[in-house]
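Take a look at the structure below.
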Amino acid sequence: MLRSMRYGEADRILHVYTLHRGRVSAIAKGVRRARSRFGGRLEPFFRLQLELHEGRGELLTVTGAHTVDAHARLRGDARALDGASRACDAVGRLFETSEPHPAVFHLLCRQLALLDERAGPSAASTASTGSTGPSGAAVAWAQALAFRLKLLLAAGLAPQLGACANCGSGEHLVGFSGAAGGVVCSACEAGSFALSQEAHGFMTEALGRALAETPVASDPALRQAERAISATVEHHAHVRLAPAAAA
């Protein structure tokens, strides 16, 4: 479930991303009552098997709900909870129609599962060991950016990374242009912003690897990658996303 909001005295409006129907909205009647048969499962970030009734109105009606995965650890970790919220918001903004995108559904399920796996006391203890490796926040940021890159790929908006988006040259790729839709060479860099080799490499690897195998990168490279993703989304999807990770 992407998000929910209160409606009336005891109901909730749910925004759900489904495997076969894309994004749908439904009303859960009486769910906020203490003795509701749905309990607390109709909350964001639950993976559910829903039974829905389609009436005359635009909203479906929830008639049954079964938990597939509650992501319980995620709910006790502020950083993981924030990451889940940003992931669901990105899906809701980029894929707001009822057109099914199975790849997006499975990608979101995987992202929530990874956030759940890495949440909780074990994650906190790992971050506090003094390891010289990347911090938990840097890993989470990189994974959130990889998730967004894969969303762009599913939407047919993946940036051109193999050659200059203007002239096709494969050499001297020094910048990124949202308007052009990808990296640009030194001869075409007017109107672009700098993209380091590290940021370019991160984006290329993140698109090619599984989400669980997201590469690491320095903070400056991740900032450049996030700017490139945001520029692509704003120019070609006409959507502005919240930052991929909390500041």
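Summary table below
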| read-out | value |
| --- | --- |
| Qualifying positions in the range 197-247 - farther than 23 Å from residue 117 by Cβ, of a type in the set (Gly, Ala, Ser) and touching a Pro at 6+ places or on another chain (Cβ under 7 Å) | 228 |
| Failed item, numbered, when residue 92 is tested on (1) free of Cβ contacts under 8 Å to residues at least 40 places away in the same chain; (2) more than 14 Å from residue 111 (Cα to Cα) | (1) |
| Identity of the residue in the range 218-247, over 15 Å from residue 202 (Cα atoms) and polar (S, T, N, Q), that ends up surrounded by the fewest Cβ atoms within 10 Å (Cβ to Cβ) | 230 |
| Complete set of residues in the range 231-247 that are over 15 Å from residue 161 (Cα atoms), without any contact (Cβ under 8 Å) to a residue 60 or more places away in the chain and either touching a Cys at 6+ places or on another chain (Cβ under 8 Å) or assigned to a helix (DSSP H, G or I) (or both) | 234, 235 |
| In the range 147-177, residue surrounded by the most Cβ atoms within 10 Å (Cβ to Cβ) [restricted to those that are within 23 Å of the chain's Cα centre (by Cα) and within 16 Å of residue 222 (Cα to Cα)] | 176 |
| Residue list for the range 88-134, filter: modelled with pLDDT under 95, surrounded by 13 or more Cβ atoms within 10 Å (Cβ to Cβ) and among the polar types (S, T, N, Q) | 126 |
| All positions within the range 8-60 that are touching a helix residue (DSSP H, G or I) at 6+ places or on another chain (Cβ under 7 Å) and either among the aromatic types (Phe, Trp, Tyr) or in a loop (DSSP other than H, G, I, E, B) (or both) | 17, 19, 44, 45 |
| Selected residue (criterion: modelled with the highest pLDDT) from residues of the range 45-75 that are of a type in the set (Gly, Ala, Ser) and exposed (fewer than 12 other Cβ atoms within 10 Å of the Cβ) | 72 |
| Matching residues, the range 178-195, being buried (at least 17 other Cβ atoms within 10 Å of the Cβ) and either among the charged types (D, E, K, R) or not in a helix (DSSP H, G or I) (or both) | 178, 180, 181, 182, 183, 184, 185, 189, 192, 195 |
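The values are calculated or read from the model by the stated rules, or taken from the named source; none is laboratory data. All values reported here derive from a predicted model rather than from experimental measurement. Ideal geometry is used to build each Cβ from the backbone, glycine not excepted, and the neighbour counts take in all protein chains shown.
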